[in-house]
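Participant: Before I ask anything, here is the structure I am working with.
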Amino acid sequence: MSLRDRFTTALDGVIGVFSPKAALERQAAREATEQFTAYRGARHNRITNHWDISSGSADYDLLPDLPTLRERSRELCRNDSTASSIVLSFVDNVVGTGIRAQSSVTAESLGVSEEQAVQIRRAIERAWNRWVPHADIARRFNFYDLQSMVMRSILVNGESIVIPVMQERVSSPYATALELVEPDRLEYPGEYDNPNGRTNRRSGVELGRNGNPVAYWIRVSHPGDGIYERQSDRRHRRIRALDPEGFPQIYHLMNNTRPGQTRGEPMLSPALQAFKDLASFKEAVLVRERVSACFSMFIQKDDPYTTAVNRADEQNNAQRIQEIEPGMVSYLAPGESVTFGNPGSQSTAGYDAFVTQNLRDIGAAIGLPLELVSRDFSQTNYSSARAAILEARRVFNRWQRYVINHLCQPTFEKVIEEAYLRGEIPIQDFDSVRHEITQAHWVPPAYGWVDPLKEVQASALAIETGISSLAVEASAQGRDWEEINQQRIREVQAMQDMTPPETED
């Protein structure tokens, strides 16, 4: 019972001592009020009394439970095949082999000739492609690998933290690099945050007057590093959210579900209980079948004396061992008979239906159709498979746009600015055209076709009727339309060179 309900019950008891009639009238009035509530979902009655609710803010509800949610999500991804499959499917469809950049510089935006614009675009893309293999400050991943790590962290941990750093490195053409930080390291020094102090600190994030992040406190080492942690790393560094020019000094990508939310909510959170119930059900069915398979036969003896004397002598860990083998013939002593265990086949008629419904519920919580959750398309046709995939792509496209806006584009701007400072971009006044120079068109990985013939025909018809273009259709397949055109020109020229000239008779 809530505090309000306990107080009401106690008050009714006190009134009932002095005036039972008044107590009954209060109870009747309260029941009448509950009965005629405009919204059924807001009623307080016997059926809804167990409904746990909270009126807290986003941080009040999330931050105390965030460590537990993160840990349970990680445990699922380590040990639950369904959870691991969902995360892999999500990452593969959002990032895949990498979201790639194409410079979108135009001659009109820079006020230059088309030939100069082509040179600038090529210089920009050349600088970017040189930097991609050296993106990780730890020299373990390229930029596309980091994209996968970021998306996976958002799914499992609810957020991902990336710090752009400037550090000259051997064999790296640029000093710009990215440091990937696990969310556990985002914490304020000490045991508790202090939202009532000079600064509003919440779970390692300092908030400004408008609720905007002002600074982040990053622990040098992971708090769970255990015996591998060095004493000198048990300290924190404060990183301002923006540099003096207003550019981000830390990328905090998170699954934000409510206004005023400081930390991200793991995307598996709504389905954690469903995962646990499904795993428990599978384990119960497996144990039942294993137990049923263990019963072989039972030897009945009429004489209790011979039962005690003729016991098995071979023991293993204080357990008697009896063995049977195929084709074995054994003669029983007088008074002994054999009864074979026949537990019968346990009914599993509801097994598939229960598992399927749970997988469907899990997928609905995350935004994926059943086919992608189970990786099973055996029960679908072209129409249903395409409808399911198109619905899932809405979710994937939304997260692709989020990763592009909060990770890819800011990083692209930093790399191109450094390339200009190194004299690799043929432009005179970078600051005046910074926005135009650092704009890029980002090409996600291709999804592929459900029916190639139908979809190629649809793309060709869209281009022919003018409702699409080669650039749009090529981008949908994760390709660059300019590269396609250049390759076609080379191929046509090669074919012409190989064709022998016609001879006159």
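Participant: Run the numbers for SER81 and ALA28: contour at 0.36 nm per residue of separation, minus the present Cα-Cα distance, in nm.
Facilitator: Full-extension gain reported as 13.8 nm.
Participant: For the stretch 395-427, state which trypsin sites (Lys or Arg not before Pro) are in a DSSP loop and have at most 15 other beta carbons lying within 10 Å of their beta carbon.
Facilitator: Those that pass, being in a loop and sparsely packed, are ARG422.
Participant: Ignoring everything but the protein chains, give the 1.4 Å probe accessible area of LEU359 in square angstrom, nearest 10.
Facilitator: That residue has around 20 Å² of solvent-accessible surface.
Participant: Could you sort the peptides 84-95, 54-65, 236-247 by per-residue average Cβ neighbour count (10 Å cutoff), highest mean leading?
Facilitator: 84-95, 54-65, 236-247
Participant: Below 9 angstrom from the Cβ of ASN255, what's the summed charge of the other residues (Lys, Arg +1; Asp, Glu -1)?
Facilitator: Computed value for this residue: -2.
Participant: While we're looking at this one, here's another question. Between LYS454 and GLN487, take the C-beta separation as r, use R0 = 30 Å, and let me know the FRET efficiency to the nearest 0.05.
Facilitator: With a Förster radius of 30 Å, E is 0.75.
Participant: What ³J(HN,Hα) values, in whole Hz, does the Karplus curve 6.51 cos²θ - 1.76 cosθ + 1.60 give for the stretch 71-76 when θ = phi - 60°, with x put for Gly and Pro?
Facilitator: For the stretch 71-76, the Karplus curve yields 5, 5, 5, 5, 4, 4 Hz.
Participant: Mind listing the phi-derived Karplus ³J(HN,Hα) values for the stretch 387-397, rounded to whole Hz, using 6.51, -1.76 and 1.60 with θ = phi - 60°, and x for any glycine or proline?
Facilitator: These are the phi-based 3J(HN,Hα) values: 4, 5, 5, 4, 5, 5, 5, 4, 5, 4, 5 Hz.
Participant: Once the principal axes of the Cα atoms of the stretch 28-175 are found, what is the range along each, listed largest first in whole angstroms?
Facilitator: 85, 43, 28
Participant: Take MET254, MET166, MET149 and sort them by solvent-accessible surface of the protein heavy atoms, 1.4 Å probe, largest at the top.
Facilitator: MET166, MET149, MET254
Participant: Given the protein chains as shown and a 1.4 Å probe, how many square angstrom of TYR174 are accessible, to the nearest 10?
Facilitator: Approximately 0 Å² for this residue.
Participant: PHE412: net charge of surrounding residues, Cβ under 14 Å, Lys/Arg +1, Asp/Glu -1, itself excluded?
Facilitator: Local charge sum for PHE412: +1.
Participant: Only sites in a loop by DSSP and with at most 16 other Cβ atoms within 10 Å count here; which chymotrypsin sites (Phe, Trp or Tyr not before Pro) in the stretch 215-299 make the cut?
Facilitator: Qualifying residues, ordered by number: PHE295.
Participant: Here's something else I'd like to know. If I take the Cα coordinates of the stretch 88-143 and project them onto the principal axes, what are the three extents in Å, biggest first?
Facilitator: 45, 25, 12
Participant: Now a separate question. Please work out whether the stretch 400-455 counts as rounded, prolate or oblate from its C-alpha gyration tensor, where a ≥ b ≥ c are the square roots of the eigenvalues and a/c under 1.5 means rounded, while otherwise a/b larger than b/c means prolate and anything else oblate?
Facilitator: prolate
Participant: Here's another thing I want to ask about it. Which whole-percent values make up P(r) of the stretch 192-288 when all C-alpha to C-alpha distances are grouped in 10 Å steps starting at zero?
Facilitator: For the stretch 192-288, the pair-distance distribution reads 13, 29, 28, 18, 10, 3, 0.
The values are calculated or read from the model by the stated rules, or taken from the named source; none is laboratory data. This one's a predicted model, so the numbers in the text were calculated from it and none came from an experiment. So basically every Cβ, Gly included, is an ideal-geometry build from the backbone, and we count neighbours across all protein chains shown. We work out accessible area using only protein heavy atoms, side chains counted, and drop any ligands, DNA or RNA first. Shrake-Rupley method; radii C 1.70, N 1.55, O 1.52, S 1.80 Å.
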